[in-house]
Amino acid sequence: MIWTHAICRKCYEKHEPGRAPVRVPPEAGAAPETCCFCGSDSEGGIYYRAHPDLARFCPEVAAEARGKLA
Ligand SMILES: [Zn+2]
Ligand SMILES: [Zn+2]
């Protein structure tokens with residue numbers, strides 16, 4: 001299953017070199033978030049579709065993994 005994850009600018013550039021991220025502007029509801037890929041603070045509003053294995057800091061992936069174990 002592929003999810004859309006919050007991502008910081010640094011990680012986005014790692015995944016998509018040379019491509020500008022599509023960013024939801026703060027006035028459209030973007031708020032600072034935690035990057036699902038490195039666990040550091042993101043300015044928010046940048047999202048990236050990726051396999052959950054790549055999003056090691058994603059709280060949703062962690063919840064899903066716990067669900068599988070339970
Ligand atoms: Zn995520
Ligand atoms: Zn990051």
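Odds and ends about this structure:
- Any hit, the range 31-51, residues being among the hydrophobic types (A, V, I, L, M, F, W, C) and either more than 13 Å from residue 5 (Cα to Cα) or exposed (fewer than 13 other Cβ atoms within 10 Å of the Cβ) (or both): yes
- Residue satisfying all of: in the range 1-19; more than 13 Å from the chain's Cα centre (by Cα) and away from ligand 2 (no atom under 15 Å from the Cβ); modelled with the lowest pLDDT among these: 1
- In the range 31-48, the residues that are more than 18 Å from residue 13 (Cβ to Cβ) and either among the aliphatic types (A, V, I, L, M) or within 12 Å of ligand 1 (Cβ to nearest atom) (or both): 31
- Scope the range 55-70; condition among the charged types (D, E, K, R) and within 16 Å of ligand 2 (Cβ to nearest atom); matching residues: 56, 60
The values are calculated or read from the model by the stated rules, or taken from the named source; none is laboratory data. Model, not experiment: these values are computed from the prediction. Positions of Cβ are backbone-derived with ideal geometry, glycine not excepted, and every protein chain shown enters the neighbour counts.
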